[in-house]
Amino acid sequence: MNEFSSRRHFIKGLAATAIGAAAAGPMLSHAAGGDVSPVKVAEGGPTKARNLIFMVSDGMNHGTLSAAQHWLKLREGRNSEWMTLYQDRLAVRRLTDTAAADSLVTDSAAASSAWGIGQRVNLGSVNCLPSGATPMPLAMLAKKAGKKAGMVTTARITHATPAGFAANVPHRDEEDLIAEQYLERGLDVLLGGGGRHFDASRRKDGRDLFGAYRDGGYEVVQSRVAMEALLPSSKPLLGVFSKSHIPYWIDRQHEVGLGLETPSLESMTRLALERLSSHPEGFVLQVEAGRVDHAGHANDPASLLFEQLEFDRCIRLVRDFAQAHPDTVVVVTTDHGTGGFMINGAEDAYHLAGPSLLRLGNCRASLERLGRLLNPEQPQSGLVELIRDNLGVEVGPVALARMLEQMASRPITEAFPLEYVFCDAIRPVLHEAFLTGWTSTHHTGDLVELAMWGPGADLLPLFSENWQLHGVLRQVLSI
Ligand SMILES: [Zn+2]
């Protein structure tokens with residue numbers, strides 16, 4: 001049995017934390033942790049909160065935030081909800097770095113762990129220090145203090161960002177184990193994708209974890225219809241709506257039947273708040289738009305924009321909740337950038353940027369879905385029509401020849417499937433059509449935005465390192 005797979009070992013790990021932290025010695029250059037730097041206490045206003053809502057647009061570069069703002073301004077004549085927080089002075093604005101213990105550019109596991117335990121860990125690790133110590137993450141600290149805790153995501157619920165809130169595993173890929181830990185640790189609301197880590201036929205150990213959750217007193221739902229039929233209850237809730245990640249918003253809108261099977265991030269967030277908010281001791285909830293990051297990796301501008309817009313609508317939902325529950329502190333941020341997305345002016349024609357951005361509204365499918373629709377034997381057949389019908393982009397003969405040449409030159413492997421080859425080949429076509437550009441298909445190391453409001457919101461310095469937020473939140477929540 002893996003040493004992290006039982007509550008007993010988890011508690012044992014906690015006991016080892018203090019020793020581990022003390023024995024760790026000098027940390028790597030990006031490592032930091034332990035105490036929060038002294039911060040100025042807010043002048044006036046309460047600094048103690050009962051509830052925390054922690055919102056993460058995973059992998060959100062500044063360009064993504066900008067695109068959502070420009071889109072809403074051009075299309076609807078209004079600011080994004082995030083910019084409204086700033087313009088109407090509803091939140092404080094902060095800047096944070098995103099590093100891991102061993103790297104300037106982080107992954108989601110190390111980034112979420114920095115929030116989870118207030119110390120940096122190495123890339124890929126979930127709340128496990130290089131010393132092997134496993135400090136108790138934020139959601140569990142809250143539960144220990146009598147609060148309820150939950151996570152909502154459009155990624156697999158066992159994915160790195162939600163895991164960083166509540167789990168301890170040496171490597172993020174141990175998602176079967178993360179699913180077990182959530183049960184052992186009694187998380188109160190879990191809503192997202194990732195059925196393959198609960199389903200007996202897909203788990204490596206063949207264990208029926210859906211059944212184990214039911215036996216453990218959870219309500220378990222696996223479709224939007226079942227979720228919407230739920231009655232108010234104080235029972236813990238597991239809702240898993242896809243085998244892997246929840247499909248992109250754009251595919252939920254346009255692929256027949258998909259939107260009926262899978263709920264939106266907003267509806268999952270609303271349900272989570274309904275389930276958690278009546279608890280007298282309060283709650284902590286993480287809400288993640290997990291697929292902003294995936295669209296960034298795929299360099300897929302339409303999917304990126306619409307995932308971010310879905311997240312933005314959730315900000316409004318949370319804002320309304322916090323207004324009715326003023327003892328709630330809210331954080332809205334990202335864990336790192338992905339892809340380096342930017343809106344570009346074209347040579348001699350900067351005025352084309354706005355109309356080009358608006359053309360993303362013609363897109364009816366993610367690149368992920370288009371990759372699946374290609375004929376693996378003859379990917380060139382129907383390619384022009386597929387792109388025209390689903391992205392509203394006309395591929396001319398020269399661009400088509402270039403695409404086909406690139407697709408033919410790249411061997412298709414399990415690690416680099418046709419879908420990825422297609423994304424690489426279509427990138428210049430999309431750049432020209434939408435004037436959107438990318439720096440890579442990887443994470444980036446830029447400083448990121450953080451908006452925060454509610455009791456104690458201005459306890460965080462104007463600039464902080466990602467691990468410092470943990471201590472501020474514990475201070476505000478008294479946990
Ligand atoms: Zn990523």
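Worth pointing out:
- Checked against the criterion of being in contact with a strand residue (DSSP E or B) (Cβ under 9 Å, 6 or more places away or on another chain), surrounded by fewer than 22 Cβ atoms within 10 Å (Cβ to Cβ) and of a type in the set (D, E), the candidates D102, D97, D88 yield just one match: D97.
- Counted residues, segment 238-281 - those being within 12 Å of G193 (Cα to Cα) and either of a type in the set (A, V, I, L, M) or part of a strand (DSSP E or B) (or both): 6
- Set S267, S277: member being surrounded by 16 or more Cβ atoms within 10 Å (Cβ to Cβ), over 22 Å from E307 (Cβ atoms) and among the small types (G, A, S): S277
- Segment 420-445 residues that are under 18 Å from E368 (Cβ atoms), paired with ones that are within 16 Å of the ligand (Cβ to nearest atom) and part of a helix (DSSP H, G or I) (beta carbon under 7 Å, 6 or more apart): F422/L367; C423/A298; C423/L367; I426/L367; T441/H297
- Residue check for L418: more than 16 Å from the ligand (Cβ to nearest atom), more than 24 Å from P326 (Cβ to Cβ) and in contact with a strand residue (DSSP E or B) (Cβ under 7 Å, 6 or more places away or on another chain): no
- Within segment 289-317, considering residues that are of a type outside the set (A, V, I, L, M, F, W, C) and within 12 Å of the ligand (Cβ to nearest atom), the one surrounded by the most Cβ atoms within 10 Å (Cβ to Cβ): R291
- Meets criteria (surrounded by fewer than 24 Cβ atoms within 10 Å (Cβ to Cβ) and in contact with a strand residue (DSSP E or B) (Cβ under 7 Å, 6 or more places away or on another chain)) for K204: no
- Residues in segment 71-125 that are assigned to a strand (DSSP E or B), farther than 30 Å from S356 by Cβ and of a type in the set (D, E, K, R): 1 in all.
- Filter result for R214 (surrounded by fewer than 15 Cβ atoms within 10 Å (Cβ to Cβ) and modelled with pLDDT of 95 or more): yes
- Residue match in segment 167-177 (condition: farther than 21 Å from V318 by Cα, among the small types (G, A, S), assigned to a loop (DSSP other than H, G, I, E, B) and more than 20 Å from the chain's Cα centre (by Cα)): no
- Considering segment 431-469, and only residues there that are of a type in the set (F, W, Y) and surrounded by 17 or more Cβ atoms within 10 Å (Cβ to Cβ), the residue that is nearest to the ligand (Cβ to nearest atom) turns out to be W438.
- Summed over segment 42-70, residues that are assigned to a helix (DSSP H, G or I) and closer than 19 Å to S464 by Cβ total 2.
- Residue ID - farthest from the chain's Cα centre (by Cα), chosen from residues in segment 323-348 that are closer than 18 Å to V287 by Cβ and among the aliphatic types (A, V, I, L, M): A324
- Some residue of segment 347-362 being out of contact with any strand residue (DSSP E or B) (no Cβ under 9 Å at 6 or more places or on another chain), assigned to a strand (DSSP E or B), more than 30 Å from D97 (Cβ to Cβ) and more than 16 Å from the ligand (Cβ to nearest atom): yes
The values are calculated or read from the model by the stated rules, or taken from the named source; none is laboratory data. The shown structure was predicted, so the numbers you read here are calculated from the model rather than taken from an experiment. Note that we place each Cβ from the backbone using ideal geometry, even for glycine, and neighbour counts take in every protein chain shown.
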